[in-house]
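The values are calculated or read from the model by the stated rules, or taken from the named source; none is laboratory data. Given the structure is predicted, the values throughout are model-derived calculations rather than measurements. Note that each Cβ is placed from the backbone with ideal geometry, even for glycine, and that neighbours are counted across all protein chains shown. When the accessible area is computed, the model is the full protein with side chains, heavy atoms only, and any ligands, DNA or RNA have been set aside. Shrake-Rupley method; radii C 1.70, N 1.55, O 1.52, S 1.80 Å.
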Amino acid sequence: MFKRFRRLRMNENLRSMVRENFLNINDLIYPLFVVNGEGVKKEISSMPDVFQMSLDEILKECKVIVDLGIKAIILFGVLENNKKDSCGSDALDDEGLIARSIREIKKEFPNLFVISDLCFCEYTDHGHCGIVSAKTKSVDNDATLKISAKQALVHARAGVDMIAPSGMMDGIIETLRQALDQEGFENLPIMAYSTKFASSYYGPFRDVAESAPSYGDRKSYQMDFANAKEALGESLEDEKQGADILMVKPALAYLDVVKEISLHSNLPLCVYNVSGEYAMLKAAEKAGVIDYEKLLYETMIAFKRAGAKLIITYHAKELAIMLKNKVKL
Ligand SMILES: [Zn+2]
């Protein structure tokens, strides 16, 4: 006697009653890229509808985001080249681009949850994610930890709601946790980029963040995309060091890793649906070879099914509209 699985698929009401995963607007985090200046809104050629914006434009965008019901943004600073230096000083300044932006956004939109990307690659003239050792030409892990702690306090003093360190330095979570706790920010959560692969899916992001390294690559700190056990090990280490949320980046090609981590950690898990994933879907839509909305929704559900709770995605606004209009998918 075989089992009739089709019994539960015969009726739409019943299908929706037994459905296991859903996309909710609370799952979505929208990335924003802030630049100095006024009235700047520059579209990224490889990423349609994604812009570098000056703070005044970012504030207009936040209004749109809040009106759509999106709860959270993740903020990246994109500094002009003549302000960059070897240690990313602007990111360590309470009057720097990222600090001023956090302050203004929180002032105008106190209920919008602001997550800050904490790294140095957008602020250093060499484009690496920390201080580069003159001797080895590689990022000096422990020197970078010291300035990362300083940057975390700049974000915290500016009023950020959560800090997301993305540089993949060893010991970063413990370092930031201690620094924040010592200054009275013990309730400020840390979302760890615990699994960040050295991936070609970041290509379009490097256009928008203007953060490609001027020499070498990031393979000495980002993870080899062939490794799943290492991803689990580093995630559990970040949990031990005090991370509040773990992340896997990129998302779509790494759902085995997401699943594995979700089975071994009780922390909420976030995926970063990165620029290359976004650009591929947009290109396929433009080429007329896919049903865009259906494929987009299916992709998001795949993230949820694998075990992600949160999704950082450039699609957040269009997803919010789809969810609001209850698009039949
Ligand atoms: Zn970086």
State the extension gain, in nm to one decimal, for the chain segment bounded by ASN325 and LYS240, taking 0.36 nm per residue of separation less the distance between their alpha-carbons. 26.4 nm
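Determine, from the Cβ-Cβ distance of LYS107 and ASP291 and an R0 of 41 Å, the FRET efficiency 1/(1 + (r/R0)^6), rounded to the nearest 0.05.
Values: r = 42 Å, r/R0 = 1.02.
In this case the efficiency is close to 0.45.
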Show me the GluC sites (Glu not before Pro) within the stretch 82-165 that DSSP assigns to loop and that have at most 14 other Cβ atoms within 10 Å of their Cβ. GLU95
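Can you give me the accessible area per residue for the chain, using a 1.4 Å probe, in Å²? Walk me through the numbers on the way to the answer.
Details: 15360 Å² over 329 residues.
For the chain, the per-residue accessible area is 47 Å².
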Stokes-Einstein D for the stretch 264-323 at 4 °C, 1.567 mPa s, Kirkwood Rh over Cα pairs, in µm²/s? 105
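For the stretch 1-71, which GluC sites (Glu not before Pro) are in a loop by DSSP, counting at most 13 other Cβ atoms within 10 Å? All intermediate terms of the calculation are to be shown ahead of the outcome.
On the way: sites: GLU12, GLU20, GLU38, GLU43, GLU57, GLU61; in loops: GLU20, GLU38.
Passing both the DSSP loop test and the Cβ count: GLU20, GLU38.
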Taking 2.2 N^0.38 Å as the expected size of a compact globular protein, what ratio does the Cα radius of gyration of the stretch 1-55 give against it, to two decimals? 2.23
Here, the chain modelled as identical Cα point scatterers in vacuum has Debye log10 I(q)/I(0) at q = 0.10 Å⁻¹ of -0.57
Using Cα pairs closer than 8 Å and at least 6 residues apart in sequence, work out the relative contact order for the stretch 42-192, in percent. 21
Computed over the Cα atoms of the stretch 26-173, the Rg and Dmax in Å are 15.3, 51
Keeping the other protein chains in place, figure out the carbon and sulfur percent of the accessible area of the chain, with a 1.4 Å probe. 52
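Pairs of Cα atoms under 8 Å, at least six residues apart: use those to get the relative contact order of the stretch 22-112, whole percent.
On the way: 118 pairs, mean separation 28.7, N = 91.
Computed over the stretch 22-112, the figure is 32 percent.
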For the stretch 157-297, list log₁₀ I(q)/I(0) at each q in 0.11 Å⁻¹, using the Debye formula over Cα point scatterers of equal strength and ignoring solvent, two decimals each. -0.47
Percent relative contact order for the chain, counting Cα pairs under 8 Å at least six residues apart, stands at 18
Distance (nanometres) between label positions extended 7 Å along Cα→Cβ at GLU230 and PHE22: 4.0
What's the longest bit of the chain with no exposed chymotrypsin sites (Phe, Trp or Tyr not before Pro), using DSSP loop states and at most 15 other Cβ atoms within 10 Å as the test? 23-214
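With a cut-off of at most 12 other beta carbons within 10 Å, and DSSP calling the residue loop, which GluC sites (Glu not before Pro) in the stretch 136-217 qualify? Please list them. Provide the component values of the computation, followed by the final result.
On the way: sites: GLU174, GLU183, GLU186, GLU210; in loops: GLU183, GLU186, GLU210.
For GluC sites (Glu not before Pro) across the stretch 136-217 that sit outside H, G, I, E and B with at most 12 neighbouring Cβ atoms in 10 Å, the list reads GLU186.
What longest region of the chain stays clear of trypsin sites (Lys or Arg not before Pro) that DSSP places outside H, G, I, E and B and that have at most 14 other Cβ atoms within 10 Å? Walk me through the numbers before you get to the answer.
Values: sites that count: LYS3, ARG4, ARG19, LYS135, LYS137, LYS219, LYS326, LYS328.
The longest uninterrupted stretch comes out as 20-134.
If the viscosity is 1.002 mPa s and the temperature 20 °C, what translational diffusion coefficient in µm²/s does Stokes-Einstein give for the stretch 133-232 when Rh comes from Kirkwood over Cα pairs? The partial results should precede the final answer.
Numbers: Rh = 15.0 Å.
Estimated diffusion coefficient is 143 µm²/s.
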Contour minus Cα-Cα distance for ARG4 and GLU298 (0.36 nm per residue): 103.3 nm
Rounded to the nearest 10 Å², what accessible area does SER220 show when all protein chains are kept and the probe is 1.4 Å? 90
Can you tell me how much longer the chain between MET280 and LEU59 gets when fully stretched, taken as 0.36 nm per residue apart minus their C-alpha distance, in nm with one decimal? 76.7 nm
Quickly work out the GLU186-to-LYS219 label distance, labels modelled 7 Å from Cα along the C-beta direction, and quote it in nm with one decimal. 4.4
Cα→Cβ-extended label distance, 7 Å offset, between ARG305 and SER45, nm: 3.7
